[in-house]
Amino acid sequence: MNKALNFYKRNLKEIFRDPIIYIFCLGFPFVMFLLFRIINEFSNGQTPTFEVNSLLPGIIVFSYSFIMLTLALIVSKDRQTFFLKRLYSSPMKFYHFILGYFLVGLLIGLLQTAVCVATAFFISLTTTAEFIPIGSILLLTVAQLPMLIMNIFLGILFGTVFNDKTSPGICSVLISVAGILGGCWMPVEAMGGFEVFCRFLPYYPSVYIGRIITNSTNALGVAYSFDSVAILGLIPISAFMIISILLTVFAFKKSMVSDE
């Protein structure tokens, strides 16, 4: 465990030296909240998706995808600079490396969640709407953990399989997918067959469950409830999380053996 913690501390220093963590992982959620607040103001508050309680789960899910990009960059750079190859000769096992990267991603994700909640709270002070109770915020944080874990492992996976030139492009595609197919700021439930397609991916069900917790209303004026969409949505959320973990472990072990 000490080996993984020492590796985690090294990764933490490397990531916090990179401006991308401050721009995309911490600053971007704040900017997005302000942007959609302004848009909602000019639409006379007629867009339920842009309300603070509805935006919060969407922006949390979307912001996690930048953790994937951050980890993909650091892992791929560690491979390209032969840093990992040198460490492979140490007593460290493959799970020490994966855990060291994972803990960094987990910390960033929790910081992102805190930034999103704090921003939502301060913006809610400018509205008459009641902000989310602390219990619901804690429940929302727990409910979004599978998405955070999935993005962390996908970042490690892409950094392991691709180089530092290719992995950002792959991550950019999934970042776009998370924003568009997750319904983070789009009224997906009003798009008929498109919504049905989005249910098979983990992004939209995760946002949907988050909006149930924050007591939000959809574009059709109906309150989100723990219905069949939410129940069946647990399947793709769990499946994608588990698959990302298994693929990452397999790819990292294979890469480690190959490099050795």
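Looking at the stretch 211-229 only, could you name the residues that are open to solvent by less than 60 Å² (accessible area, probe 1.4 Å), assigned to a helix (DSSP H, G or I) and not β-branched (V, I, T)?
Listed by number, the list holds a single entry, R211.
Pairs needed: first member in the stretch 118-142, part of a helix (DSSP H, G or I); second member anywhere, open to solvent by 90 Å² or more (accessible area, probe 1.4 Å); C-beta distance under 9 Å; at least 6 residues apart or different chains.
A118/F30; T119/F30; S124/E130; S136/N215
Restricted to the stretch 12-30, and to residues that are free of Cβ contacts under 8 Å to residues at least 40 places away in the same chain and assigned to a helix (DSSP H, G or I), which residue is nearest to I60 (Cα to Cα)? Can you show your working first?
First, pick out the residues of the stretch 12-30 that are free of Cβ contacts under 8 Å to residues at least 40 places away in the same chain: 13, 16-17, 19, 22-23, 27-28.
Going one step further and asking which of them are assigned to a helix (DSSP H, G or I), we end up with 13, 16, 22-23, 27-28.
On the way: K13: 24, F16: 20, Y22: 16, I23: 15, G27: 13, F28: 11 Å.
Among those residues, the one meeting the criterion is F28.
May I ask you to list the residues in the stretch 150-166 that are part of a helix (DSSP H, G or I) and open to solvent by 40 Å² or more (accessible area, probe 1.4 Å)? Let's see the steps before the verdict.
Filtering the stretch 150-166 for residues part of a helix (DSSP H, G or I) gives 150-161.
Residue satisfying the conditions is V161 alone.
How about the stretch 89-114: which of its residues are open to solvent by less than 40 Å² (accessible area, probe 1.4 Å) and over 21 Å from K253 (Cβ atoms)?
Passing the criteria: I108, G109, Q112, T113.
The rows are residues; the columns are (1) of a type outside the set (S, T, Y); (2) touching a residue at least 24 places away in the same chain (Cβ under 8 Å); (3) on the phi < 0 side of the Ramachandran plot.
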site: F7; (1), (2), (3): yes, yes, yes
site: F42; (1), (2), (3): yes, no, yes
site: S65; (1), (2), (3): no, yes, yes
site: F83; (1), (2), (3): yes, no, yes
site: H96; (1), (2), (3): yes, yes, yes
site: G105; (1), (2), (3): yes, yes, yes
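Please work out which residue is farthest from the chain's Cα centre (by Cα), limiting yourself to the stretch 193-207 and to residues that are assigned to a helix (DSSP H, G or I) and either surrounded by fewer than 18 Cβ atoms within 10 Å (Cβ to Cβ) or without any contact (Cβ under 8 Å) to a residue 60 or more places away in the chain (or both).
Quick first cut of the stretch 193-207, residues assigned to a helix (DSSP H, G or I) only: 193-198, 203-207.
From the residues that got through so far, the ones that are either surrounded by fewer than 18 Cβ atoms within 10 Å (Cβ to Cβ) or without any contact (Cβ under 8 Å) to a residue 60 or more places away in the chain (or both) too are 193-198, 204-205.
Numbers: G193: 25, F194: 22, E195: 20, V196: 22, F197: 20, C198: 17, Y204: 12, P205: 13 Å.
So, considering only residues that are assigned to a helix (DSSP H, G or I) and either surrounded by fewer than 18 Cβ atoms within 10 Å (Cβ to Cβ) or without any contact (Cβ under 8 Å) to a residue 60 or more places away in the chain (or both), the one farthest from the chain's Cα centre (by Cα) is G193.
This table checks each residue for (1) in contact with a Gly (Cβ under 8 Å, 6 or more places away or on another chain); (2) of a type in the set (A, V, I, L, M).
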site	(1), (2)
R10	yes, no
F16	no, no
I21	no, yes
E41	no, no
L69	yes, yes
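Checking the conditions here, which among T141, T128 is over 30 Å from K77 (Cα atoms) and out of contact with any Ser or Thr (no Cβ under 6 Å at 6 or more places or on another chain)?
Of the residues listed, the single one that is over 30 Å from K77 (Cα atoms) and out of contact with any Ser or Thr (no Cβ under 6 Å at 6 or more places or on another chain) is T128.
Yes or no: the stretch 230-247 includes at least one residue that is modelled with pLDDT of 90 or more, out of contact with any Pro (no Cβ under 8 Å at 6 or more places or on another chain), open to solvent by 20 Å² or more (accessible area, probe 1.4 Å) and closer than 23 Å to T49 by Cβ.
yes
The values are calculated or read from the model by the stated rules, or taken from the named source; none is laboratory data. What you are looking at is a predicted structure, and each value in this text was computed from that prediction instead of being measured. No Cβ is skipped: glycine too gets one built from the backbone with ideal geometry, and neighbour counts run over all protein chains shown. Heavy atoms of the whole protein, side chains included, go into the accessibility calculation; ligands, DNA and RNA do not. Shrake-Rupley method; radii C 1.70, N 1.55, O 1.52, S 1.80 Å.
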